[in-house]
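> Dropping a structure here in structure tokens format, bear with me for questions.
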Amino acid sequence: MPPELAINVLPAVTLAGYTQPALIVPQLHERDTAGIISELSQVLQRQGSLPDVLPFYQAALNHELLDNSALECGIAFPHARVSGVKQVQFAFGRCPEPVTWGSRGSSPVQLVFLLAVPATDATGYLHLLASLARLGHQPGLLRELRTAPDANSILAVLETIKLRQA
């Protein structure tokens, strides 16, 4: 194809672009909302995604208690926007059995995406939240995330989930 007819095509962005194997916990140890957010916050800090774990943890937990993110399909995506976070990222954790998320009347949750968002980024994180909400309507992919044996296998599933371009 002549260069003047070439079309620049950007590679499709997937959920895997917002995480890495070290941010994936195939078997969470904690069994409640506060504990799971704490466990995943510590994973984010160990990987250098957070400058200080405590303000992020408190912001994410407070936001979750005010506005529960659990969906009926068994996923939750708590999040916090704080200064010092350089790019939108998430830690992913999977509970061996569904847990009550937030208040007692909430849907049971097994898959948790904890999003760390720069204080100044509204558009990118809303785009990611919308993509995670759409994931709730894809039972086959949710089943794959629940049964993938390890972090690399979970990342491979996330690589198949394309985000709509903004």
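The values are calculated or read from the model by the stated rules, or taken from the named source; none is laboratory data. Note that the structure is predicted; figures quoted are calculated from it, not measured. Neighbour counts are summed over all protein chains in view; Cβ atoms, including those assigned to glycine, are modelled from backbone coordinates with ideal geometry.
For every residue, the table says whether it meets (1) out of contact with any Ser or Thr (no Cβ under 6 Å at 6 or more places or on another chain); (2) acidic (Asp, Glu); (3) at pLDDT 90 or above.
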| residue | (1), (2), (3) |
| --- | --- |
| Val99 | yes, no, yes |
| Arg104 | yes, no, no |
| Val109 | yes, no, yes |
| Val117 | yes, no, yes |
| Thr123 | yes, no, no |
| His127 | yes, no, no |
| Glu144 | yes, yes, yes |
| Asp150 | yes, yes, yes |
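> Still on this structure, I have one more. Which ones in segment 60-86 are part of a helix (DSSP H, G or I) and out of contact with any His (no Cβ under 9 Å at 6 or more places or on another chain)?
Matches in segment 60-86: Leu61, Asn62, Leu65, Leu66.
> OK, next. Which number in (1) surrounded by 14 or more Cβ atoms within 10 Å (Cβ to Cβ); (2) touching a Gly at 6+ places or on another chain (Cβ under 9 Å); (3) of a type outside the set (Phe, Trp, Tyr) marks the one condition that Ala119 misses?
So Ala119 meets the others, but not (1).
> Collect the residues in segment 41-73 that are within 16 Å of Ala130 (Cα to Cα) and surrounded by fewer than 21 Cβ atoms within 10 Å (Cβ to Cβ), keeping them in residue-number order.
Asp67, Asn68, Leu71, Glu72, Cys73
> If the Cβ limit is 6 Å and pairs must be 6+ apart or interchain, which residue in segment 28-43 that is over 15 Å from His79 (Cα atoms) and at pLDDT below 95 pairs with which residue that is surrounded by fewer than 15 Cβ atoms within 10 Å (Cβ to Cβ) and of a type in the set (D, E, K, R)?
Sorted first by the residue in segment 28-43, then by its partner, the list stays empty.
> Does segment 88-107 hold any residues that are farther than 22 Å from Asn62 by Cβ, surrounded by fewer than 16 Cβ atoms within 10 Å (Cβ to Cβ) and in contact (Cβ under 8 Å) with a residue 24 or more places away in the chain, and which are they?
The answer is Pro96, Pro98.
> Something else now. Which residues, counting only those in segment 136-152, are surrounded by 13 or more Cβ atoms within 10 Å (Cβ to Cβ), in contact (Cβ under 8 Å) with a residue 40 or more places away in the chain and in a helix (DSSP H, G or I)?
Of everything in segment 136-152, those that are surrounded by 13 or more Cβ atoms within 10 Å (Cβ to Cβ), in contact (Cβ under 8 Å) with a residue 40 or more places away in the chain and in a helix (DSSP H, G or I) turn out to be Leu142, Leu145, Arg146, Ala151.
> Can you confirm whether Ala70 is farther than 16 Å from Leu44 by Cα, more than 14 Å from the chain's Cα centre (by Cα) and aliphatic (A, V, I, L, M)?
For Ala70, the condition - farther than 16 Å from Leu44 by Cα, more than 14 Å from the chain's Cα centre (by Cα) and aliphatic (A, V, I, L, M) - is not met.
> Of everything in segment 116-135, what is assigned to a strand (DSSP E or B) and touching a residue at least 40 places away in the same chain (Cβ under 8 Å)? Give them in sequence order.
The one that is assigned to a strand (DSSP E or B) and touching a residue at least 40 places away in the same chain (Cβ under 8 Å): Ala116.
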